[in-house]
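**Q** Handing you this structure, nothing more for now.
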Amino acid sequence: ELKVEQNPLFLSMQEGKNYTIYCNYSTTSDRLYWYRQDPGKSLESLFVLLSNGAVKQEGRLMASLDTKARLSTLHITAAVHDLSATYFCAVDMGGSQGNLIFGKGTKLSVKP
Amino acid sequence: EPEVTQTPSHQVTQMGQEVILRCVPISNHLYFYWYRQILGQKVEFLVSFYNNEISEKSEIFDDQFSVERPDGSNFTLKIRSTKLEDSAMYFCASSEARFGGEKLFFGSGTQLSVL
């Protein structure tokens, strides 16, 4: 059974600081996704990582994937309040048709 | 920007009643999905759908659930006899290409409350 674990589950940051969210998964997969969810809202796709060593950046967020370590990271640089949200990573089993296994999410709160 | 639309945004029903959740995927998308999120918990896959057939379903998607594309625009999720544990936010999603590293576009969700 594929398990996805995120840590931390809660993260309170000061504006301007850097931090990293970790996503570990239990079985081989080379497809990993990061989503953002604002309170009461839907899921917004942030990054799709499809190979070992993949790195993608958008603004203050950078995601990477190490398939050998079964680890993805979401790095936040110089956090701003607008980044406050819950961030989910998700992994799919090769050949699946949408069967994403989500982590529990990391609730990020960026304080002035 | 095109978006996935879901109606209603909130649905309250009595246990044992049937509910239909509606979704209008992005118009040129061919692959459709339903996920749910119980309050405070992680998002769970229910079913994927392509070419008028279920592509894949999870263990959650039992005989009480069904999906349909009744016309060229709508995609529905029916729960025949709702249970208390069906209370959740239900998200519809669509993608332009076959799942496999493709970005999914999610709707804003239907909050289902079963009393």
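**Q** Quantify how strongly other chains surround peptide A:87-98 by giving the mean number of their Cβ atoms within 10 Å of each of its Cβ atoms.
**A** Numbers: counts 0, 3, 0, 5, 0, 4, 1, 1, 3, 6, 14, 22.
The shielding value for this peptide is 5.
**Q** Summing Lys, Arg as +1 and Asp, Glu as -1, what charge do residues with Cβ under 14 Å from the Cβ of residue A:75 carry, residue A:75 excluded?
**A** Details: positive: A:17, A:56, A:60; negative: A:58, A:66.
So the environment of residue A:75 carries a net charge of +1.
**Q** Separate question: Restricting to DSSP loop positions (anything but H, G, I, E, B) with no more than 13 other Cβ atoms inside 10 Å of their own Cβ, which trypsin sites (Lys or Arg not before Pro) remain in segment A:45-78? Walk me through the intermediate numbers first.
**A** On the way: sites: A:56, A:60, A:68, A:70; in loops: A:60, A:68, A:70.
Sites meeting the loop and neighbour criteria: A:68.
**Q** List the residues of segment A:89-112 whose backbone N lies under 14 Å from a point placed 7 Å from the Cα of residue A:81 along the Cα-to-Cβ direction.
**A** Once the point is set 7 Å along Cα→Cβ of residue A:81, A:109-112 turn out to lie under 14 Å by backbone N, inside segment A:89-112.
**Q** Here's another thing I want to ask about it. Taking each pair of distinct Cα atoms in the protein assembly as shown once, what is the resulting Kirkwood hydrodynamic radius in Å?
**A** Values: mean 1/r = 0.0554 Å⁻¹.
In the protein assembly as shown this quantity evaluates to 18.1 Å.
**Q** Quick one: longest stretch of chain A between exposed loop GluC sites (Glu not before Pro), exposed meaning at most 15 other C-beta atoms within 10 Å and loop per DSSP?
**A** Working: sites that count: A:1, A:15.
In chain A, the maximal stretch lacking such sites is A:16-112.
**Q** Suppose we look only past 16 Å in the calculated P(r) of chain A. What percent of the Cα-Cα pairs does that tail hold?
**A** On the way: 3432 of 6216 pairs.
Summing the P(r) of chain A above 16 Å gives 55 percent of all pairs.
**Q** So what is the diffusion coefficient of segment A:30-87 in µm² per second by Stokes-Einstein at 37 °C and 0.692 mPa s, using a Kirkwood Rh over Cα pairs?
**A** Values: Rh = 12.0 Å.
It diffuses with D of about 273 µm²/s by this estimate.
**Q** Right, another one. Please name which of B:23, A:54, B:88 has its Cα lying farthest along the dipole of the protein assembly as shown towards the positive end, using unit charges on Cβ (Lys, Arg +1; Asp, Glu -1) and the Cα centre as origin.
**A** The one lying farthest along the dipole's positive direction is A:54.
**Q** Something else about it: Could you pull out the GluC sites (Glu not before Pro) across segment B:56-104 that fall in loop regions by DSSP (anything but H, G, I, E, B) with no more than 14 other Cβ atoms inside 10 Å? Please list the in-between numbers first.
**A** Values: sites: B:56, B:59, B:68, B:85, B:96, B:102; in loops: B:59, B:96, B:102.
For GluC sites (Glu not before Pro) across segment B:56-104 that sit outside H, G, I, E and B with at most 14 neighbouring Cβ atoms in 10 Å, the list reads B:59, B:96.
**Q** Could you tally the net charge around residue A:104, taking each other residue with its Cβ under 14 Å from the Cβ of residue A:104, Lys/Arg +1 and Asp/Glu -1?
**A** On the way: positive: A:3, A:107, B:42; negative: A:5, B:44.
Charge balance near residue A:104 sits at +1.
**Q** Would you list, by chain and number, the aspartates and glutamates whose Cα falls below 20 Å from the Cα of residue A:56, excluding same-chain residues fewer than 8 positions away?
**A** A:30, A:44, A:66, A:82, A:92, B:102
**Q** Still on this structure, please answer the following. Peptide A:101-111: average number of partner chain Cβ atoms within 10 Å per residue? Could the numbers behind the result be given before it?
**A** Numbers: counts 5, 7, 2, 4, 5, 0, 0, 0, 0, 0, 0.
Average neighbour count from other chains, rounded to a whole number: 2.
**Q** Lys and Arg at +1, Asp and Glu at -1: add these up for the other residues within a Cβ distance under 10 Å of residue A:27 and post the number.
**A** Around residue A:27, the surrounding residues sum to +1.
**Q** Using a 10 Å cut-off around each Cβ of peptide A:35-48, what is the average number of partner chain Cβ atoms that fall inside?
**A** That works out to 4 on average.
The numbers here are math on the coordinates, done by the rules we state, and not lab data. Quantities reported herein were computed from a predicted structural model and do not represent experimental measurements. Cβ sites come from the backbone with ideal geometry, for glycine too, and all protein chains shown count toward neighbours.
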